[in-house]
Amino acid sequence: MSNNLDPSHHYLRCKRDDGSECTVDLTELEEALNGFDFLEYYFLPATGRTVSVSIDEALDDLDDEEEQERLIPEDAETLPIDRIDSRTRFEWMEEFADSVHSITVRFELTEALRRQKPFRNFKDALLQFPKVQELWFAFEQQKLKAAAIALIEDLDWEILDVVDDRPDVNFSEPQDASVHAPITEEERTWVLRGAWEIAQKGGRTQLALLLKGSKNKDLLKHRLQEVPAYGTLSLLTIPEIENRIDQTIRQGDIALVRHGDLPLIALTPEGWFHIQPWAHREEVRRATMMNESRLKEIVFAWRNRPRDEQVQLLEALKSLPTDQVSPVLEAWSGVSGKDMRSRIEQLLGRHQSH
């Protein structure tokens, strides 16, 4: 490399398709790919430099011929450089958001990209997380570098050397301790059962407090201290429980969904499949403990559930004692459709005969 090169820039040493060598200013090329709307950018194969010209000047053929010759020598071969388009930038942002280890940050970035003006919202979301913002700048820079190298390779030039002292960033490196304490199957089960209790009603913090067995007033207000999942992970700290929750989210069993300004916990189809038998048994057990008025509300809601879920609820009732089941079956039969009523009355008759 020549000693008169700008030490603050980065370079590529290349071999052209005719066998001659050339030094390409990588920094200039990246700046062109990331350029401004009011400039046009050109790559000069003869020198390996990238130049920019004001669009107005490009259209007017430059009034200052001396300035034009300084930028683009007469008869020089020029290759126009297209800036990175919005679609590609959006895909970069999606890829970066998916790579973020923190569930909270990932959720905020992903939600920003789903709203109108995603570029502005993504930028605003990053302002809340300065360290993640730094990672994004490094991620974007690596993408620009890869695009610049690809542009040169598309000329059928061989890259002999890359002179670039910017450090590589490992974006896949976990940023919390959860990977060092993998979630157990028992912990996963209780996270899912707790998620079922607060699905679409509470967020990640409330789920952690529930599993911890906290005396939080919101938990007590909704009588969540009475549910089976309450305090089941009490031996763990809140950060450790949150790590278990985040692992369950990464495994695809629960998710965060936005409700207004709040991210709420929701079971995914995979998570629901895992706890569905238990959830149905728990649901019918609670129904047997309700007064007549509340029981009518419950069975009326059951009538609007998918048919297969109604059948599974009916199966769950079979495991309970007759004196507990009969009031539920009688109330349900009174509001159900023809097919389910037949099934319910068949089970009811079976219980009454015993």
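Readers should treat all values here as calculations from the given coordinates under stated rules, not as data from a laboratory. Quantities reported herein were computed from a predicted structural model and do not represent experimental measurements. Cβ atoms come from the backbone with ideal geometry, glycine included; neighbour counts cover every protein chain shown.
One table, with the values for the structure above:
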| item | result |
| --- | --- |
| Long-range tail of P(r) for the range 274-353 (Cα pairs > 22 Å, %) | 12 |
| Under-5 Å amide H pairs with L39, H placed in peptide plane, nonlocal only | I55 |
| Shape category assigned to the range 245-291 from the gyration tensor of Cα positions, a/c cut at 1.5 | oblate |
| Projected area, mean over directions - the chain, Cα convex hull, nm² | 27.2 |
| Lysines whose Cα lies under 19 Å from that of K123, excluding same-chain neighbours fewer than 8 positions away | K131, K143 |
| Ascending count of other beta-carbon atoms within 10 Å, so fewest first, for C14, C22 | C22, C14 |
| Spin-label proximity, R115 to the range 202-244 - amide N less than 16 Å from point 7 Å beyond Cα toward beta carbon | none |
| Net lengthening on full extension, R250/F273 (0.36 nm per residue, minus Cα-Cα) | 6.6 nm |
| Modelled FRET efficiency - R0 35 Å, R285 with E94, Cβ distances, 0.05 increments | 0.20 |
| Residue-wise HN-Hα coupling along the range 89-99, computed from phi with Karplus coefficients 6.51, -1.76, 1.60 (Hz; x: Gly, Pro) | 4, 4, 5, 4, 5, 4, 4, 5, 4, 5, 7 |
| Assigned charges on the beta-carbon of Lys, Arg, Asp, Glu; the chain dipole about Cα centre (debye) | 4980 |
| Reachable lysines from K221, criterion Cα separation under 23 angstrom, eight or more residues apart if same chain | K201, K212 |
| Residue (of I298, G203, Y230) at the positive-pole extreme of the chain, dipole from beta-carbon charges | I298 |
| Relative contact order computed over the chain (Cα-Cα under 8 Å; 6+ residues apart), in percent | 12 |
| Cβ-Cβ FRET estimate between V169 and E309, R0 fixed at 41 Å, reported to 0.05 | 0.30 |
| Rg [Å, one decimal], Dmax [Å, integer] - the range 187-323, C-alpha atoms | 15.5, 46 |
| Least to most buried among E283, E108 (fewest other Cβ within 10 Å first) | E283, E108 |
| ³J(HN,Hα) computed for each position of the range 103-117 - Karplus, 6.51 cos²θ - 1.76 cosθ + 1.60, integer Hz, glycine/proline x | 4, 4, 5, 4, 4, 4, 5, 5, 5, 4, 6, 8, 8, 4, 6 |
| Kirkwood Rh (inverse of mean 1/r, distinct Cα pairs), the range 86-142, angstrom | 11.0 |
| Relative contact order of the range 177-267, pairs being alpha-carbon contacts under 8 Å that are 6 or more residues apart, as % | 39 |
